[in-house]
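Worksheet for the structure shown next.
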Amino acid sequence: MKATQRLYYKWCMVPLCSSTTFKTSDKLFILVARGKRLKWLKACRRAHKDISVKTTAHICEDHFNLEEDMNNYVKFKLMEDLKKMKANLVPHIFDCQPDRKRSHTNRPFVESLRYILIRYCLYCENLRH
């Protein structure tokens, strides 16, 4: 660690993930960029209202495949260079969340389309007989 870097407490903002800089000091914590914050929160299933906009948000390495998700993985590992994540990357590994079903049910228009399709099939079936 460089002498000019200031140490501060980091915690993973993914619900049910218990990684912190105190518990797991050897883990890498990726800073959530301001422009990607809502997209990453949605991927993690965390309500954006739960975290203040002033909070510096991090996600631990458990939610990424670093070898594939970093542009400079080898350079980072060998020379402790800055982390450079791929541009359109979002966290995608959520082993800490046992139930990864969607938090919402099917959208209303999908339900109505399903209903229309079923009625149409029944109508066509009745025409045959």
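Just so you know, all these numbers are worked out from the coordinates, no wet-lab data involved. All of these numbers come straight from a predicted model, not from anything done at the bench. Backbone-built Cβ (ideal geometry, glycine too); neighbour counts: all protein chains shown.
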Exercise. Can you tell me the 0 to 90 degree angle between the C-alpha axis of helix 108-128 and the longest principal axis of the chain, rounded to 10?
Key: 30 degrees
Quiz item: Once you sort the root eigenvalues of the Cα gyration tensor of the chain as a ≥ b ≥ c, which label holds: rounded (a/c under 1.5), prolate (a/b larger than b/c) or oblate (the other case)?
Solution: prolate
Practice problem: Send over the Kirkwood Rh of the stretch 46-87, from the inverse of the averaged 1/r over different Cα pairs, rounded to one decimal Å. | Solution: 12.1 Å
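What's the local net charge at residue 14, with K and R +1, D and E -1, over the other residues with C-beta under 11 Å away? Provide the component values of the computation, followed by the final result.
Numbers: positive: 45, 46; negative: 62, 95.
Neighbour charge sum, excluding residue 14 itself: 0.
Net charge within 14 Å of residue 72 by Cβ-Cβ distance, Lys/Arg positive one each and Asp/Glu negative one each, not counting residue 72 itself? Let's see the in-between values first.
Working: positive: 75, 77, 83, 84, 86; negative: 67, 68, 69, 80, 81.
My count for the surroundings of residue 72 gives 0.
Just list whichever of 10/49; 49/83; 27/54; 39/86 have alpha carbons separated by over 26 Å in the model shown.
Numbers: 10/49 19 Å; 49/83 28 Å; 27/54 23 Å; 39/86 14 Å.
Going by Cα-Cα distance, 49/83 fall outside the 26 Å limit.
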Exercise. Arrange 129, 92 by Cβ neighbour counts within 10 Å, fewest through most, would you?
Key: 129, 92
